[in-house]
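*Asks:* Structure provided below as structure tokens; questions to follow.
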Amino acid sequence: SQQGEEDPQALSIQEGENATMNCSYKTSINNLQWYRQNSGRGLVHLILIRSNEREKHSGRLRVTLDTSKKSSSLLITASRAADTASYFCATDARGSRLTFGEGTQLTVNP
Amino acid sequence: DAMVIQNPRYQVTQFGKPVTLSCSQTLNHNVMYWYQQKSSQAPKLLFHYYDKDFNNEADTPDNFQSRRPNTSFCFLDIRSPGLGDAAMYLCATSRGTSGGYQETQYFGPGTRLLVL
């Protein structure tokens, strides 16, 4: 079964609002990563959080990790139309591989 | 700029006609990956190379093969494409670690394969 599961599957918000996406996983991990994918393009790495970290920030992005609940969240503050994309979490439970969740499709309306 | 390059960006092939997708990188990473991604789905790992060591995923069809002639290049060969193989194929690289954990992966723009 898929290591990472994300919710919601789709999220539609207005520009300026915050967007929160959640990821749950099943087995213990070394780190969890978030990626963005614009339509028809490759994935772009956003942020990596290690299993001994609880929160990490990068610009308008805030990622939290709760290893006791096996879950992570990605918060995008003050969203922009350019943030419209699919967002994937990925875990490295299997050594030199990442397992991706099904993704959240975020639409930011101008 | 250091990057991962995939050629071609779009590939049209006929049912059963072999096709090769290519990937090159200037990051000097020792790990290279091939993923298949179908519409609105997660990328699915097909195989990866750790240096010259080839690692096939258990559920990757025999129809898919890969070659890595040197650090910079990696090829995906689809021996007899079927309609179900139409997808985006993504190449990625990462710096391998000895600690058994996964570092950031850097993706190319992908090659969209259409099978007629």
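*Asks:* Ranked by accessible surface with a 1.4 Å probe, highest first, in what order do A:THR20, A:THR77, B:THR111 come? Write out the running numbers ahead of the final one.
*Replies:* On the way: A:THR20 70, A:THR77 45, B:THR111 0 Å².
Solvent-accessible surface, decreasing: A:THR20, A:THR77, B:THR111.
*Asks:* Using the Cα atoms of region B:1-52 to build a convex hull, what is its mean projected area in square nanometres? Before the final figure, lay out the partial values.
*Replies:* On the way: hull surface 20.2 nm².
Averaged projected area of region B:1-52's Cα convex hull equals 5.0 nm².
*Asks:* Could you give the length gained by full extension between A:THR64 and A:GLU15, i.e. 0.36 nm per residue of separation minus their alpha carbon distance, to one decimal place? Before the final figure, lay out each step's value.
*Replies:* Working: separation 49, 0.36 × 49 = 17.64 nm, distance 2.27 nm.
Stretched fully, the A:THR64-A:GLU15 segment lengthens by 15.4 nm.
*Asks:* Beyond 26 Å between alpha-carbons counts as too far, so tell me which of A:LYS56/B:LYS52; A:LYS26/A:LYS56; A:LYS69/B:LYS38; A:LYS70/B:LYS44; B:LYS17/B:LYS38; A:LYS69/B:LYS52 fall in that bin.
*Replies:* Numbers: A:LYS56/B:LYS52 35 Å; A:LYS26/A:LYS56 21 Å; A:LYS69/B:LYS38 30 Å; A:LYS70/B:LYS44 22 Å; B:LYS17/B:LYS38 20 Å; A:LYS69/B:LYS52 38 Å.
The answer is A:LYS56/B:LYS52; A:LYS69/B:LYS38; A:LYS69/B:LYS52.
*Asks:* Using the Cα centre of chain A as the reference point, and only Cβ charges (+1 on K/R, -1 on D/E), how large is the resulting charge dipole? Debye, rounded to the nearest 20. Don't jump to the answer; show the numbers that get you there.
*Replies:* Working: 13 positive and 11 negative charges, 73 e Å.
My answer is approximately 360 debye.
*Asks:* Per residue, what accessible area does the protein assembly as shown have, given a 1.4 Å probe and all protein chains present, in Å²?
*Replies:* On the way: 10720 Å² over 226 residues.
Each residue of the protein assembly as shown exposes 47 Å² on average to a 1.4 Å probe.
*Asks:* Tell me the Kirkwood hydrodynamic radius of region B:48-116 in angstroms, computed as one over the mean inverse distance between distinct C-alpha pairs.
*Replies:* Details: mean 1/r = 0.0728 Å⁻¹.
In region B:48-116 this quantity evaluates to 13.7 Å.
*Asks:* Using the Kirkwood radius over C-alpha pairs as Rh, can you work out the diffusion coefficient of the protein assembly as shown via Stokes-Einstein at 10 °C, viscosity 1.306 mPa s, in µm² per second?
*Replies:* Details: Rh = 18.0 Å.
In µm²/s, the coefficient is 88.
*Asks:* Buried by at least 50 Å² relative to the chain on its own: which residues of region B:22-54 qualify, computing accessible area with a 1.4 Å probe on protein heavy atoms?
*Replies:* B:ALA42, B:PRO43
*Asks:* What Kirkwood radius, in Å to one decimal, follows from the Cα pairs of region A:54-110? Don't jump to the answer; show the numbers that get you there.
*Replies:* Details: mean 1/r = 0.0775 Å⁻¹.
It works out to 12.9 Å.
*Asks:* Once the principal axes of the Cα atoms of chain B are found, what is the range along each, listed largest first in whole angstroms?
*Replies:* Principal-axis extents of the Cα atoms in chain B, largest first: 42, 33, 30 Å.
*Asks:* Over both sides of the A-B contact, add up the buried accessible area with a 1.4 Å probe and give it to the nearest 100 Å².
*Replies:* Values: alone 5980 and 6540 Å², together 10720 Å².
Using a 1.4 Å probe on protein heavy atoms, the buried area is about 1800 Å².
*Asks:* Another one. Could you tell me the ratio Rg/Rh of chain A? Both radii from Cα atoms, Rh via Kirkwood.
*Replies:* On the way: Rg = 13.2 Å, Rh = 13.8 Å.
My calculation puts Rg/Rh at 0.95.
*Asks:* At 7 Å along Cα-to-Cβ for each site, give me the label-to-label distance between A:ALA82 and B:SER72 in nm.
*Replies:* 3.2
*Asks:* Subtract the Cα-Cα distance of B:ASP53 and B:ARG79 from 0.36 nm times their separation in residues, and report this length gain in nm to one decimal. Walk me through the numbers before you get to the answer.
*Replies:* Values: separation 26, 0.36 × 26 = 9.36 nm, distance 2.13 nm.
Full extension of this stretch gives 7.2 nm more.
*Asks:* Go ahead and run the numbers for FRET between B:PHE15 and A:ASN22, Cβ-Cβ distance against an R0 of 45 Å, rounding to 0.05. Before the final figure, lay out each step's value.
*Replies:* On the way: r = 41 Å, r/R0 = 0.91.
Rounded to the nearest 0.05, the efficiency is 0.65.
The values are calculated or read from the model by the stated rules, or taken from the named source; none is laboratory data. For clarity, every value in this text was computed on a predicted model and none was experimentally measured. In this analysis, Cβ positions are derived from the backbone assuming ideal geometry, glycine residues included, and neighbour counts consider all displayed protein chains. These accessible areas exclude ligands, DNA and RNA; they are computed on the full protein's heavy atoms, side chains included. Shrake-Rupley method; radii C 1.70, N 1.55, O 1.52, S 1.80 Å.
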